[in-house]
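Any read-out appearing in this document is the output of simple, stated calculations on the displayed coordinates, not a laboratory observation. Keep in mind that this is a model prediction, so the values were computed, not measured. Positions of Cβ are generated from backbone atoms using ideal geometry, with glycine treated the same way; all protein chains shown enter the neighbour counts.
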Amino acid sequence: MEGNVFPSCLKCNVGQLCPLSDYGSQGAAVHYKAWVCSNPTCGFNMKIRNGDIYFNEPIASGASHVPRMR
Ligand SMILES: [Zn+2]
């Protein structure tokens, strides 16, 4: 086993792209669903959803999940 070396971010050349996993609706793990730059001032990210790849979507913080006011 080689050490885990993540690819460096090609946008800022400072951070590394960290793989993020998620869980599907059935509770199955979805590995490496998204990659996010570890440099907080860069914020580059890419993710796959339904077979489509999205680059640099705005990062949604947990705060965006507060209930909507109606
Ligand atoms: Zn970066």
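Of all residues in the stretch 1-16, how many are of a type in the set (D, E, K, R) and not in a loop (DSSP other than H, G, I, E, B)?
Kept after step one, since they are of a type in the set (D, E, K, R), are these residues of the stretch 1-16: 2, 11.
Remaining after also requiring not in a loop (DSSP other than H, G, I, E, B): none.
The total comes to 0.
Here's the yes/no breakdown for (1) assigned to a loop (DSSP other than H, G, I, E, B); (2) loosely packed, with under 13 Cβ neighbours inside 10 Å; (3) without any contact (Cβ under 8 Å) to a residue 12 or more places away in the chain; (4) not polar (S, T, N, Q):
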position	(1), (2), (3), (4)
Cys18	no, no, no, yes
Ser21	no, yes, no, no
Gln26	yes, yes, yes, no
His31	no, yes, no, yes
Trp35	no, no, no, yes
Cys42	yes, no, no, yes
Met46	no, no, no, yes
Ile53	no, yes, yes, yes
